[in-house]
Amino acid sequence: MSKKEKGSLLSREIIKKKISDEEIGLLCRKYSVILSAGVRAEKCTELIKKQTGDKEQRRILEAAYRELKTGTPLSSSFEKNAAGKLSPVFYETIKAGESSGELVGIFDSLADYFSDRAGMRKKIKGALIYPVFVLCVAIIVMIVIMTYVMPEMTSIFKSMGGELPMITKMLIGVSDFFSENVAVVIALLVALALGAVICLKNEKGRLFFDRKKLKAPLIGKINESNFAATFSRVLALLCMAGIPLNKGLLVTADAIDNAYLKEKIRMISRAVTEGKSPSYVMKKVPEFPHALTEMTEIGYESGSLPQVLDGTGKYYSATARQLAENLVSKLEPAMMIFIAALAGFIVFAVYIPMFDMYGLI
């Protein structure tokens, strides 16, 4: 292998990661600031490329820069060289900005949208990660205790003879099950995980799970509000850029990470193409929040759909964040009570026989 080939191989990233909303927001902000100074798109892309430390972004910007030098529009340059890395909202909105001559304003709006969405996702994930982490740690600790610690205690209790308390017998029974069937339990968990992955790869399975996520206990309302916020903000942004509603809906569908809702939004696009109101389909889909459907209908009929949707999106963004915070405030004490009860059960089950030790010998 030549030195050139080795260098090319070493410079190529093994895993091509998708660019995050936060990174896209920062990229748009840079374009907005530099373009507002009167710098041409070609030179602007070259300057941003030199400032970028991320390998994948630099690769995309380098390829886009080469396209721009041949006279290719900025939107087409990104669409060609960043397939699957950047949101379709990014390409389509820039394309509309190029047509209208409002590219600086478009980049500024995109920067606000992607930055806000990144902040919302970070807020929701940050709120939910703590209870999930605590629960996982508690489960791991319990499995270790039941599998390795309790068998030793069980052998001591059995050597004492006598009648053990019911609570201790229950704990010994659980411990025996885990120690004797640890391989079965692990195999079952692996099988469930593989089954879930296979179902999610299947179109029908993905549609089923994505629909159920919107009605799931505890997190269903958060998922619903998060979807409504994304739908409203993206469609508002596209409409403000001058993209026709039916096409804007198709781009919005690509920005939604729920297969079931993607299909419903595409149905709305087809209905709009046929001359119907967006709410015509939305009213038939119970997973669309009632307020979102009503506000869409009001905006469409009044001719102020982008403005109405923008306000609706901000409302649902705030709602999703608040719901996540409320969930954590309720889960934390509930988990503490659950863990304390579990620990208390183990302590009593272990110490009651020890207190009665002299009676058992």
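Where a number appears in this text, it was derived from the coordinates with a stated rule and is not lab data. On a predicted model such as this, the values are computed, not experimentally measured, just so you know. A quick note on method: Cβ atoms are made from the backbone with ideal geometry, for glycine too, and the neighbour counts reach across all protein chains shown.
List, in the order given, every pair from K85/K123; K125/K264; K43/K95; K55/K123; K213/K264; K18/K204 whose Cα-Cα distance in the structure shown is over 21 Å. Check vs 21 Å cut-off fails for K85/K123; K125/K264; K55/K123; K18/K204.
For the stretch 77-175, what is the charge dipole size about the Cα centre, in debye to the nearest 20, if Lys and Arg each add +1 at the Cβ and Asp and Glu each add -1 at the Cβ?
Numbers: 10 positive and 9 negative charges, 76 e Å.
So the dipole magnitude of the stretch 77-175 works out to roughly 360 debye.
Averaging Cα coordinates gives a centre for the stretch 163-233 and one for the stretch 73-134; these two points are 32 Å apart.
What is the sum of charges around P73, taking Lys and Arg as +1, Asp and Glu as -1, for the other residues whose C-beta is under 12 Å from the C-beta of P73?
Details: positive: K80, K95; negative: E42, E67, E79, E98.
Charge balance in the 12 Å sphere: -2.
Order these by the 10 Å Cβ neighbour count, fewest first: F90, F178, F231. Can you show the working numbers first?
Numbers: F90 24, F178 19, F231 27.
Result, fewest neighbours first: F178, F90, F231.
Under a model in which nothing but the beta-carbon of Lys, Arg (+1) and Asp, Glu (-1) is charged, the stretch 116-361 shows a dipole of about 940 debye around its Cα centre. Going from the residue with the fewest nearby Cβ atoms within 10 Å to the one with the most, S225, S159, S115, S32 rank S159, S115, S32, S225. Phi angles across the stretch 224-230 convert, under the Karplus curve 6.51 cos²θ - 1.76 cosθ + 1.60 with θ = phi - 60°, into 3J(HN,Hα) values of 5, 5, 5, 5, 4, 5, 5 Hz, Gly and Pro given as x.
Taking A37, A229, A324 as the candidate residues, the one with maximal mean-square fluctuation in a Gaussian network model of the chain, Cα springs under 10 Å, is A37.
In the chain, once you exclude exposed trypsin sites (Lys or Arg not before Pro) (DSSP loop, at most 13 other Cβ within 10 angstrom), what's the longest stretch remaining? Let's see the in-between values first.
Working: sites that count: R12, K16, K17, K18, R40, K215, K276, K284.
Maximal segment without exposed cleavage sites: 41-214.
Ordering T70, T52, S32 by the projection of their Cα atoms onto the charge dipole of the stretch 18-86, which places +1 on the Cβ of Lys and Arg and -1 on the Cβ of Asp and Glu, puts T70 at the extreme positive end.
Computed from the C-beta positions of E180 and R40 and an R0 of 45 Å, the FRET efficiency is 0.05 to the nearest 0.05. Counting only the Cα atoms, the stretch 14-103 fills a convex hull of 90 Å³ per residue. Potential lengthening of the chain between I198 and E152 amounts to 12.6 nm, from the contour at 0.36 nm per residue minus the alpha-carbon distance. With contacts taken as Cα pairs under 8 Å at a separation of at least 6 residues, the chain carries a relative contact order of 19 percent.
Let me check against my output: what whole-number percent is the relative contact order of the stretch 230-339, with C-alpha pairs under 8 Å and at least 6 apart? All intermediate terms of the calculation are to be shown ahead of the outcome.
On the way: 98 pairs, mean separation 28.8, N = 110.
Value for the stretch 230-339: 26 percent.
With Cα atoms defining each centre, the stretch 317-353 and the stretch 255-304 are spaced 39 Å apart in the structure.
Listed by chain and number, the lysines whose alpha-carbon sits under 28 Å from that of K169, ignoring those within fewer than 8 places in the same chain, are K158.
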